[in-house]
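This report concerns only the one structure given below.
The values are calculated or read from the model by the stated rules, or taken from the named source; none is laboratory data. On a predicted model such as this, the values are computed, not experimentally measured, just so you know. In this analysis, Cβ positions are derived from the backbone assuming ideal geometry, glycine residues included, and neighbour counts consider all displayed protein chains. The protein model used for the area step is the full one, side chains on, heavy atoms only, and it has no ligands, DNA or RNA in it. Shrake-Rupley method; radii C 1.70, N 1.55, O 1.52, S 1.80 Å.
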Amino acid sequence: MLRMISTPKRALLGILALILVTPAAKAQQTVLPLWPHGTPEPAPNANPEHDVTKDSDALINGHRTVRLTDVSVPTLTIYSPPADKNTRTAALVFPGGGYVRLAWTGEGTDTCEWLTNAGITCLLVKYRVPQPSGEAGHYPADPSDLEDAQQAMRMVRAHAAAWHIDPAHIGVIGFSAGANLAVLLSNHPDDHHIESTPAARDIPRITAEASGAIDITGAPDARPNFAIIVYPAYLATPPENTTLDPAYAPNKFTPPTFLIQAENDKSYGFNAPIYYQALAAAKVPAELHMYATGGHGFGIHPPNQPEEHWTRLADAWLRSINMLPPRDQPHPQQSAQHALPSGTMPAPCPTTNTAQAGRPNTGQPANPADPPCFQ
């Protein structure tokens with residue numbers, strides 16, 4: 001496992017690309033610190049980051065997962081898909097863990113393997129944990145994890161061209177507490193608490209005024225373009241848990257959202273339906289999938305469970321909202337082999353190449369070996 005150096009001076013070295021191949025995601029990996037000059041708030045303790053996995057912990061995706069805690073140096077890990085599969089779509093990934101730890105492999109690197117195989121750049125976020133217990137550890141009382149999420153999104157948008165990402169195709173995927181954070185970012189990308197901290201200078205494209213004041217209104221947008229929310233936690237108002245906590249209310253920023261949860265999730269099964277109702281009332285495009293069984297924390301591929309292949313539903317949903325190309329349309333890199341000479345207009349398609357009902361006309365010839373055409 002790669003360990004980030006925790007002192008602020010040495011953390012600057014993390015800006016240099018740390019390139020390696022990992023078996024978990026089978027993709028090129030780059031690790032960057034979110035806050036090279038130190039986090040906006042001081043670390044709650046000086047304990048080093050460590051794995052707290054126990055043999056008694058439940059399996060995720062059928063295997064034991066690394067569970068990290070005492071994360072005081074948050075990072076962004078970029079897993080890039082192979083160039084010939086890259087769709088230029090990307091997603092921030094927030095593992096769960098009750099805001100106490102991070103299920104790093106079961107909900108993090110496993111998710112990156114799914115995404116990169118689908119041609120999606122995976123942006124795995126190691127956000128700060130643990131939070132203070134109780135209400136003191138949740139937004140708005142504690143904005144630290146929202147700050148990490150916003151910073152991660154702004155960094156990605158600032159480097160989108162270099163990382164071969166479409167800045168209008170960047171979403172967020174979260175699990176449990178990470179799903180809570182994904183919802184928080186979906187609805188509060190404009191929270192500017194960071195302006196009052198010294199770490200504001202680490203926000204891309206921001207410079208301090210001579211007076212020392214910081215204004216981040218010119219920073220890259222932190223709003224996700226889509227959200228995949230997997231067995232979310234802490235969205236309802238306790239103790240009844242029948243209504244949505246106002247902190248998570250959908251608004252003008254909320255992107256199209258895909259929700260999945262199990263009905264027998266004893267602690268949090270009510271969260272996804274409650275949030276879906278709020279999305280519908282706000283007229284935010286949303287899709288909800290509830291499974292009768294599965295419990296909490298099943299991950300992306302629980303073997304021999306009803307939700308074993310839920311990622312196929314998410315893939316179809318991403319295509320339905322135009323975040324991924326239709327299945328019969330090649331990736332941008334694949335279509336480059338048919339590029340025409342500069343200044344040459346494509347010829348009309350044969351009349352037999354008509355668009356299917358309900359499907360967009362992709363402008364591709366009937367024979368893949370033929371050059372592009374238009375209709």
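Things to note:
- The stretch 50-104 - accessible surface per residue (Å², probe 1.4 Å): 35
- Projected label points at R201 and V100, each 7 Å from Cα along the beta carbon direction, are separated by 3.8 nanometres.
- Annotation note: GluC sites (Glu not before Pro) in the stretch 263-311 located in DSSP loop regions with a Cβ neighbour count of at most 15 within 10 Å are E263.
- Those residues of the stretch 68-108 whose amide nitrogen sits under 14 Å from the label point placed on S267, 7 Å along Cα→Cβ: 96-103
- Rounded percent of accessible protein surface that carbon and sulfur make up, the stretch 112-171, 1.4 Å probe: 57
- For I173, the residues 5 or more places off, or on other chains, whose built amide H falls under 5 Å of its own are L92, V93, F94, I228.
- Note that the stretch 262-319 presents 50 Å² accessible area per residue, ligands and nucleic acids not counted, probe 1.4 Å.
- Within the accessible area of the stretch 27-74 (1.4 Å probe), percent carbon and sulfur: 54
- Computed from the Cβ-Cβ distance with R0 of 30 Å, the FRET efficiency linking H164 to R64 stands at 0.35.
- Backbone HN-Hα couplings from phi across the stretch 140-149 [Karplus 6.51/-1.76/1.60, Hz, Gly and Pro as x]: x, 4, 10, x, 4, 6, 5, 4, 5, 5
- Rounded to 0.05, the FRET efficiency of the I321 and T237 pair, given R0 = 35 Å and the Cβ-Cβ distance, is 0.75.
- Local electrostatic count, S176, Cβ distance below 10 Å [Lys/Arg +1, Asp/Glu -1]: -2
- Accessible surface, 1.4 Å probe, highest first, among residues V125, V73: V73, V125
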